[in-house]
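Below: one structure, written as structure tokens.
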Amino acid sequence: MRVVFPQVYKLFLLLALIPSASQALAGGLLVGVPVSMTEVIQAAADKFSEENSSSVRLSAAASSTLAQQALAGAPFDVVITADDLTMDKIAAAGLIAAGSRRRIIGNRLALIVPRAVVNNHAATITSLRDLLSPRIRRIAIAEKTVPAGHYGRALLAKHEILEPLRTKLVSATHVRAVLALVSSGAVDAGFVYVTDVPIARSKVAIAYTSDDSDSEPIHYEAAALSRSPNLSTASAFINHLTSPSNLKLFELRGFRRL
Amino acid sequence: MSVVMLSVIVSLKVALLATLVVVILATPLAWYLTRRNFTGKFLVEGILLLPLTLPPVAIGLMLLMLMSPRGILGRFWLAVSDKPLLLSWQAAAVAAMVISFPLYLKAAMESFASVPQRLESMAETMGLSPWRCWWKVTLPLAARGLGAGALLAAARALGEFGATTMVAGSIPGETETLAVGIYNSVMNGDEYTAWSLATVSLILAIIATIASRSLSHYSAIRAV
């Protein structure tokens with residue numbers, strides 16, 4: 001029994017000191033990405049690491065969480081947000097490297113319904129006003145603090161149906177959670193980005209797509225954090241994201257060029 | 001290495017470190033709280049058990065502040081390892097520690113309470129120092145209960161999600177644990193990975209629960 005204690009301490013010390021394999025790579029970038037952009041940014045990052053022989057690691061979360069983490073001092077080199085308000089917050093804290101902030105690409109909101117519903121009665125949903133129908137009981141939308149939630153509510157407000165629909169709205173932590181709710185049929189409709197739809201194409205259908213006239217323009221922004229020790233690689237990565245060849249890749253996935 | 005294996009390794013690493021620290025810190029504390037009375041004990045116990053009832057996300061928010069390079073934990077870690085604590089696997093371990101701490105503390109307190117004080121005083125009258133008595137009598141008698149508690153804490157640490165995503169993010173192969181991996185793959189429509197991760201979690205949870213149950217069952221039999 002007596003020998004157990006020191007061994008336990010040794011093991012504990014050993015564990016705490018194990019560095020993560022990829023952390024050891026010098027000059028690697030850590031990029032905070034909004035969940036709705038994970039796959040495309042991963043593809044862009046893979047290409048970038050290939051061409052520049054520097055590793056890029058992604059940490060995905062809702063834009064608001066990314067901002068919170070950045071404000072708390074998380075060691076991101078680059079942060080990508082799904083709107084400019086969130087980026088404004090990071091900028092207000094004086095965290096952004098001068099001249100590194102850039103708009104990358106745009107998106108559109110889609111009102112989606114479960115496919116099972118399409119076969120029954122959802123043929124009735126072709127416009128936002130159809131959401132007022134008593135058949136539609138629950139509408140999933142991302143939380144207010146998440147860009148998708150902000151845009152969605154702004155869209156409803158513009159059509160003057162936010163108030164009457166308020167009791168039907170179900171808040172989800174972010175846009176992919178909305179997608180999961182709609183594809184499982186737990187709700188009757190939901191607001192996601194057009195680019196989110198393909199990953200659940202067999203389960204959801206688009207009932208309505210927003211255009212610039214009825215919603216605030218939706219765009220993603222990228223910026224390097226001034227405390228990054230790899231600022232030049234960070235701005236090279238942002239340049240890569242906005243390069244013509246990469247923008248083409250984004251467009252193929254349904255994003256919209258600004 | 002596959003995504004599943006990477007998440008399993010991260011999860012086990014996180015849960016193991018968390019459980020070790022919890023056992024080291026909470027065992028003496030649990031003994032002290034069971035055997036000593038002092039004013040404000042009720043309050044101290046209440047505060048220590050708080051993570052059991054607080055939403056993990058709220059704990060994550062508090063930890064985010066503590067782990068920031070300006071926060072006390074973040075500053076300490078930066079001084080020791082020269083690396084930021086946020087978005088590291090150690091940050092995930094701290095989150096898991098805080099969440100699983102009260103689970104182990106409760107189990108350890110019950111376990112110490114079940115040790116007959118009669119045996120301890122007998123040992124002391126036979127000339128054992130209080131410290132030796134603790135090692136030779138109290139700890140061995142409580143060991144099974146403590147082990148059961150540690151397994152329970154480890155199982156909880158394995159599943160921690162809310163506080164973990166907040167402070168550790170979700171970097172595949174580094175901070176993406178099983179629970180965080182399941183969430184991310186569901187969100188990305190990757191059901192195959194989600195179900196593979198969920199199956200592994202299920203197996204680990206079953207092992208931990210059975211082991212924990214059989215340990216506490218044994219100690220119940222021995223107590224009779």
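Every number in this text was worked out from the coordinates using simple rules, so none of it is lab data. Just so it is clear, the structure is predicted and the values come from calculations on it, not from any experiment. Note that each Cβ is placed from the backbone with ideal geometry, even for glycine, and that neighbours are counted across all protein chains shown.
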Simple SL model, points at 7 angstrom along Cα→Cβ for B:Asn37 and A:Arg135; separation in nm is 7.0 nm
Percent antiparallel among DSSP beta bridges confined to segment A:109-209, nearest 5, equals 60 percent
Note on chain A, DSSP bridge orientation, antiparallel percent to nearest 5 equals 60 percent
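Do you know the relative contact order of chain A, to the nearest whole percent, from alpha carbon pairs under 8 angstrom that are 6+ apart?
Working: 448 pairs, mean separation 71.8, N = 258.
That works out to 28 percent.
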The long-range amide H neighbours of A:Ala61, using H built 1.01 Å from N in the peptide plane and a cut-off of under 5 Å, are A:Val33, A:Val35
Here the relative contact order (percent) of segment A:109-209, from C-alpha pairs under 8 Å and at least 6 apart, is 47 percent
Expected unfolding gain across A:Leu249-A:Asn52 under the 0.36 nm per residue rule, minus the alpha-carbon gap, is 69.1 nm
Here Rg/Rh (Cα, Kirkwood) for segment A:109-209 equals 0.91
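Just tell me, in residue order, which DSSP H segments of chain B are both 20 angstrom or longer along the helix axis (alpha-carbon based) and at least -0.5 in mean Kyte-Doolittle hydropathy. Spell out each step's value before the answer.
On the way: long enough: B:3-35 (47 Å, 2.01); B:89-113 (35 Å, 1.12); B:139-159 (30 Å, 1.19); B:191-223 (47 Å, 0.86).
TM-like helix candidates: B:3-35, B:89-113, B:139-159, B:191-223.
Quick one: dipole size for chain A, taken about the Cα centre, charges +1 on Lys/Arg Cβ and -1 on Asp/Glu Cβ, in debye to the nearest 20. Please report the intermediate quantities before stating the final value.
On the way: 27 positive and 20 negative charges, 126 e Å.
Rounded to the nearest 20 debye, it is 600 debye.
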Rounded to 0.05, the calculated FRET efficiency for the beta carbons of B:Ile9 and A:Ser127 at R₀ = 35 Å is 0.10
Of the candidates A:Leu181, A:Leu111, A:Tyr193, the farthest towards the positive dipole end of segment A:109-209 (Lys/Arg Cβ +1, Asp/Glu Cβ -1, centred on the Cα centre) is A:Leu181
Amide H neighbours of A:Asp83 at under 5 Å, excluding residues fewer than 5 places away on the same chain, with H built from the backbone geometry, are A:Glu221
Per GNM of chain B with C-alpha springs under 10 angstrom, the most fluctuating residue out of B:Leu29, B:Leu63, B:Leu17 is B:Leu29
With +1 on the Cβ of every Lys and Arg and -1 on the Cβ of every Asp and Glu, the dipole magnitude of segment A:109-209 about its Cα centre, in debye rounded to the nearest 20, is 140 debye
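Quick check on chain A: helices-only [θ] at 222 nm, where DSSP H runs of length 4 and up contribute -39,500 (n - 2.57) each and the sum goes over total residues. Nearest 500, please.
On the way: 10 runs with 98 residues, N = 258.
Using -39500 (n - 2.57) per qualifying helix, the result is -11000 deg cm²/dmol.
Please give the net charge around A:Ser133, taking every other residue with its beta carbon less than 15 angstrom from that of A:Ser133, where Lys and Arg add +1 and Asp and Glu add -1.
In short, +3.
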Simple spin-label estimate for B:Glu45/B:Met1, 7 Å along Cα→Cβ, in nm, reads 4.3 nm
Here the averaged projected area of chain A, based on the convex hull of its alpha-carbon atoms and given in nm², is 18.3 nm²
Among beta bridges assigned by DSSP with both residues in the protein assembly as shown, the antiparallel ones amount in percent, to the nearest 5, to 60 percent
Shape descriptors of the protein assembly as shown over alpha-carbon atoms, Rg and Dmax in angstrom, are 25.8, 89
Once the dipole of the protein assembly as shown is set up from charges on Cβ (+1 Lys and Arg, -1 Asp and Glu), the residue from the list A:Val31, B:Pro56, A:Ala67 lying farthest towards its positive end is B:Pro56
Excluding residues fewer than 8 positions from A:Lys47 in its own chain, the lysines with Cα under 22 Å of it are A:Lys248
Note on chain B: contact order normalised by length, alpha-carbon pairs under 8 Å, 6 or more apart, percent, works out to 30 percent
Segment B:21-111 -> Rg/Rh from Cα coords, Kirkwood Rh, value 1.03
Expressed to one decimal in nm², the mean projection of the alpha carbon convex hull of chain B is 14.5 nm²
For A:Leu71 and B:Tyr192, extending 7 Å from Cα along the Cα-Cβ vector and measuring point to point gives, in nm, a value of 4.0 nm
Links exceeding 28 Å between C-alpha atoms in this model, out of B:Lys13/B:Lys41; A:Lys89/B:Lys13; B:Lys41/B:Lys83; B:Lys13/B:Lys106; A:Lys168/A:Lys203, come to B:Lys13/B:Lys41; A:Lys89/B:Lys13; B:Lys41/B:Lys83
Nearest 10, in degrees from 0 to 90: the angle of helix A:4-17 to the longest Cα principal axis of chain A is 70 degrees
Note to self: C-alpha centroids of segment B:87-109 and segment A:46-90 sit apart, in Å, by 28 Å
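What is the gain in length, in nm to one decimal, between B:Phe76 and B:Trp131 on full extension, counting 0.36 nm per residue of separation less the C-alpha to C-alpha distance? Spell out each step's value before the answer.
Details: separation 55, 0.36 × 55 = 19.80 nm, distance 3.16 nm.
16.6 nm is the gain from fully extending B:Phe76 to B:Trp131.
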